[in-house]
Structure formats: structure tokens, C-alpha cells
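> Dropping a structure here in C-alpha cells format, bear with me for questions.
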Amino acid sequence: MPEVSYLSQFVHSAKLVGVASSGMLSGYLIASSTNTIPALLAARVPSDKLAQIWSDHYLHGHFISRSSVWISSAAFAFASYQRYFLPGNVEAYTYRNLFQRWTGFSEWAQLALAGAFVFSIGPVTTFFMDPTYNKRLELAAASTEAAKSRSTSTVRAAVLDDDAVREDVEGWNWVNSIRAGLTATGFAIGLLSL
């Protein structure tokens with residue numbers, strides 16, 4: 001059996017980090033879309049409370065997902081770079097795994113694809129989820145300002161319409177499910193590289 005270099009062990013460790021972080025992120029996003037948000041919508045809480053809970057959930061998830069995306073994508077990118085530009089470092093990992101046999105991809109392309117799937121949730125978040133969240137923040141700020149000058153019940157009815165808030169949360173949940181699918185795909189591709 002050929003001796004495995006330290007760099008190959010480091011690359012394998014990077015793949016493990018990429019798989020672990022993308023798997024954790026995928027599980028978090030799936031749990032959010034299948035458990036947390038549907039439970040909030042089923043509870044029929046008032047729209048102001050629903051908007052606040054959703055906002056808190058979004059902010060916590062925003063931190064978790066952004067850091068996990070960077071960790072996972074960087075780990076997959078490092079491993080892909082090492083496999084592409086330093087092909088002499090593949091001593092013990094020259095076999096073709098199941099994904100490579102199915103698709104004909106090389107190991108570096110497989111790792112790059114896994115990283116790309118995980119990284120792709122960044123643009124999805126920026127272009128599809130952030131506008132909804134920012135709109136809700138602006139409405140909440142407007143309701144706070146208007147509440148200082150008028151009665152609270154009038155402002156709440158005008159700004160925090162129950163149906164509009166629920167529609168925003170349901171739309172956000174649908175896009176979050178897409179993000180979960182993207183990270184799960186990156187996780188599966190990365191897992192097959194081990």
C-alpha cells in the first residue's frame with residue numbers, strides 16, 4: 001500500500017470539514033422549513049408576534065448559514081484546488097468513487113460541484129429572501145413611527161396585515177426549502193467523494 005502524504009491527509013480532512021458543515025447546514029435548513037415555520041403558521045399567532053418570531057429566527061439562521069456556507073465552500077474549494085493543480089498528491093485516493101463512475105467527473109470537479117451547490121445559497125438568500133425580510137423591517141419601523149403619532153390599533157391594522165405577514169413567511173419558507181435542497185445536494189456530492 002502506498003504511503004499517504006501529509007497533504008493528502010490534509011485534503012481528506014478538508015473534505016470531511018466540507019461534508020460535515022454542509023450536512024449540518026442542510027439539516028438546519030430542512031428542520032426550519034419542515035418544523036419551525038409550519039408550526040408558527042399553524043399556531044395562528046397574531047401577525048406582530050409572528051413577524052417578530054420570524055425576524056428572530058431569520059437573524060439567527062442568517063448567522064449560522066453564512067458561516068457554514070463559507071466554511072463548507074472553502075473546504076471544498078481547497079480540496080478541489082489540491083486535486084486539480086497538484087495531481088501528484090493523490091496516492092491513496094486514485095480510485096473512482098460512485099459519483100465519478102456515474103457522471104464521469106474527476107475528483108476535483110466533484111469537489112468543486114459540491115462547493116458550488118453549497119455556495120449557491122448565498123445568491124438565493126440575497127436576491128430572494130433578503131428583500132422580503134427588508135420589506136418587513138421597513139414596515140415594522142414605519143409602524144413604530146406611526147404608533148408614536150396615532151393610535152396603535154390603527155397602525156397595527158394598516159401595517160401588519162395578518163394575511164400579508166403569513167404570505168411573506170410562507171414565501172420565505174418555500175425559498176428556504178430550495179436552499180435546503182441545494183445544500184443537501186452539495187452534501188450528498190461531497191459525501192460521495194469520501
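> Please arrange 108, 172 by accessible surface area, largest first, computed with a 1.4 Å probe and ligands excluded.
Working: 108 95, 172 15 Å².
The ordering from most to least exposed comes out as 108, 172.
> Under a crude label model (7 Å from the Cα following the beta-carbon direction), how far is residue 24 from residue 109 in nanometres?
For the pair residue 24/residue 109, the computed spacing is 3.2 nm.
> Which sequence of 84, 28, 133 reflects their accessible areas, 1.4 Å probe, from the largest down?
Putting 84, 28, 133 in descending order of accessible area: 84, 28, 133.
> Computed over the Cα atoms of the range 8-63, what is the ratio Rg over Rh, Rh following Kirkwood?
My calculation of the ratio gives 1.24.
> What's the extension gain from residue 135 to residue 84 if we count 0.36 nm per residue and subtract their Cα-Cα distance?
The span from residue 135 to residue 84 would gain 14.0 nm if fully extended.
> Is the range 51-90 best put as rounded, prolate or oblate by its Cα gyration tensor, with a ≥ b ≥ c the root eigenvalues, rounded for a/c under 1.5, and otherwise prolate when a/b is larger than b/c, oblate when not?
Prolate shape, in that a/c is at least 1.5 and a/b is the bigger ratio.
> Also, I was wondering about something else. Find, among the trypsin sites (Lys or Arg not before Pro) in the range 37-90, those assigned to loop by DSSP (not H, G, I, E, B) with at most 12 other beta-carbon atoms within 10 angstrom. Before the final figure, lay out the partial values.
Values: sites: 44, 49, 66, 83; in loops: 44.
Of the trypsin sites (Lys or Arg not before Pro), the ones in loops of the range 37-90 whose Cβ has at most 12 other Cβ atoms within 10 Å are 44.
The values are calculated or read from the model by the stated rules, or taken from the named source; none is laboratory data. Please read these numbers as outputs of a predicted model, since none were measured by experiment. Using ideal geometry, Cβ is built from the backbone for each residue, glycine included, and neighbour counts are taken over all protein chains shown. SASA here: full protein model, heavy atoms, side chains in, ligands and nucleic acids out. Shrake-Rupley method; radii C 1.70, N 1.55, O 1.52, S 1.80 Å.
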